[in-house]
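The values are calculated or read from the model by the stated rules, or taken from the named source; none is laboratory data. This structure is a prediction, so every number in the text was calculated from the model and none was measured. All Cβ positions, even for glycine, are placed from backbone atoms using ideal geometry, and neighbour counts span all protein chains on display. These area figures cover heavy atoms from the full protein model, side chains too; ligands, DNA and RNA do not enter into them. Shrake-Rupley method; radii C 1.70, N 1.55, O 1.52, S 1.80 Å.
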Amino acid sequence: MQNNILVINCGSSSLKFSLMNPVNGQIILAGLAECLLTAEAVITIKHQEKKISIALSDPFDHEVAIKFLVDYLTEHQLKKSVYAIGHRVVHGGEKYSQPTLIDEDVKISIEQLSKLAPLHNPANLQGIQAAEKAFKQTPQVAIFDTAFHQTMPKKSYLYGLPYHFYQDHGIRKYGFHGTSHYFVCKEAATMLKKPIEQCNIISAHLGNGCSVTAVKQGKSVDTSLGLTPLEGVMMGTRSGDIDAGVIFHLVEQLGYSLEEVNNILNKKSGLLGVSQLSNDCRTIEEAASNGNVQATLALEIFSYRIAKSIASFTCNFTSLDGLIFTGGIGENSMFIRSLILSQLALLNFHEDKLANETMRFGKQGNIAQSDSTPCWVIPTNEEWVIAEQTYQRLNQEQ
Ligand code: AMP
């Protein structure tokens, strides 16, 4: 097929890529370049059941990683099959609610939006520039992580701050994980055999980053992540909601610098901070099962905060089709799912233990009892959404 989409997801020191058929989601090739700009830089490519990893000691940046990928594609007669490139871009602000063909103006906007996503948008832009150099005339499309949440009403996205901060500086909730929430809701709609526009769903993306989203009649009406990916439920290393006063206390009473507080809230809190062990849910579950008190506490806080977020979002609905779990934890941890559901009994969520034990490692299905509100485990596939939307965007052009 000559209509493959190369999906690129660029982080500050990593570049994830996959070459996909946008119609059926088939992965032709996938891989990851990581530890970029360090001596440990390595690129791994999975293709035709084989996996190759190549370590490079020279300064190995995004541009070199893409050049390496292009050489591999050329060598395997795949370069010509690349119809377009779809980039995951984290922050699209209020400007971008649709897949967007990348031109000079779009690149300037992505750069300007870096002030709202300083860790992500500059890396996304680097990926775009590197791909432009390597693929010259191949069209590139940006798929924004914030786009799906642009349908939120003002009462959801505005903070209780002086209004001019929103008017003058765009300070509001934007939300993230949009492509993931959209994908799993679309899958749920298929299972329900009705259009997504008729579905009322709460979706919980639980991975290293976590967010809960209320989807009413197919549209995001509220989500837990905010201006930045720090708000909302507790995550792997991020605190989620805290009293903003904690920040003043840490700075004024305990002498931390703002940079240190930023680092604590984003990188040292959450499951890692409470468990004092790891941000990895598997490690914490294992420790908890061996009687580790901090690990048990971390899992209790984590699941309680998610249950509370799900419960609070029910105020958007008069009826609910179901709840979705996705992301590394949501797709695999029967323990966390069980803990969350046990705290939502009043909302008619009742776990089917056997189904919950079964739905792991890529399996999709309902884990609730037959008289309960459905609760599905649905593996996410953000790459497919990016490939599909890139393809559709270009076909709109013609
Ligand atoms: P993600 O960011 O979506 O890749 O998810 C990463 C998180 O998923 C980490 O906290 C992992 O520990 C967690 N995870 C992956 N597999 C399992 C599993 N079998 N049981 C519990 N947690 C898991």
State whether the residues of region 208-217 include one that is under 23 Å from Pro379 (Cβ atoms), crowded, with 23+ Cβ neighbours inside 10 Å and among the hydroxyl-bearing types (Ser, Thr, Tyr).
yes
Within region 218-289, considering only helices (runs of 4 or more DSSP H) that don't extend past its boundaries, which have at least 2 residues that are among the polar types (S, T, N, Q) and surrounded by 16 or more Cβ atoms within 10 Å (Cβ to Cβ)?
none
Pairs please, first residue from region 258-282 and within 19 Å of Ile329 (Cβ to Cβ), second anywhere and modelled with pLDDT under 95 and surrounded by fewer than 20 Cβ atoms within 10 Å (Cβ to Cβ), Cβ atoms under 6 Å, 6+ apart in sequence or on different chains.
none
Looking at Ala55, is it under 20 Å from Ala123 (Cβ atoms) and at pLDDT below 95?
no
Would you mind stating whether His181 is part of a helix (DSSP H, G or I), within 24 Å of Thr326 (Cα to Cα), open to solvent by less than 70 Å² (accessible area, probe 1.4 Å) and more than 16 Å from the ligand (Cβ to nearest atom)?
no
Region 187-207, residues that are surrounded by fewer than 24 Cβ atoms within 10 Å (Cβ to Cβ) and under 16 Å from the mean Cα position of the chain (by Cα)
Gly207
Can you pull out every residue in region 42-95 that is within 30 Å of Gln167 (Cα to Cα) and open to solvent by less than 20 Å² (accessible area, probe 1.4 Å)?
His87, Val89, Val90, His91, Gly92, Gly93
Going through region 290-302 in order, the residues found to be of a type outside the set (Ser, Thr, Tyr) and in a helix (DSSP H, G or I) are Val293, Gln294, Ala295, Leu297, Ala298, Leu299, Glu300, Ile301, Phe302
Of the listed residues (Ser319, Ser342), the one being open to solvent by 50 Å² or more (accessible area, probe 1.4 Å), among the hydroxyl-bearing types (Ser, Thr, Tyr), more than 30 Å from Pro153 (Cβ to Cβ) and away from the ligand (no atom under 16 Å from the Cβ) is Ser342
Are any residues in region 137-172 closer than 27 Å to Glu104 by Cα and of a type in the set (D, E, K, R), and if so, which ones?
Asp145, Asp168, Arg172
Hey, Thr326 hits all of (1) of a type in the set (S, T, N, Q); (2) in contact with a Lys or Arg (Cβ under 8 Å, 6 or more places away or on another chain); (3) within 12 Å of the ligand (Cβ to nearest atom) but one; which does it fall short on?
(2)
Matching residues in region 208-248 - criterion: being within 16 Å of the ligand (Cβ to nearest atom) and charged (D, E, K, R)
Arg238
Please return the ranges of strands (runs of 3 or more DSSP E) entirely within region 24-112 where 2 or more residues are closer than 24 Å to Thr151 by Cα.
82-89
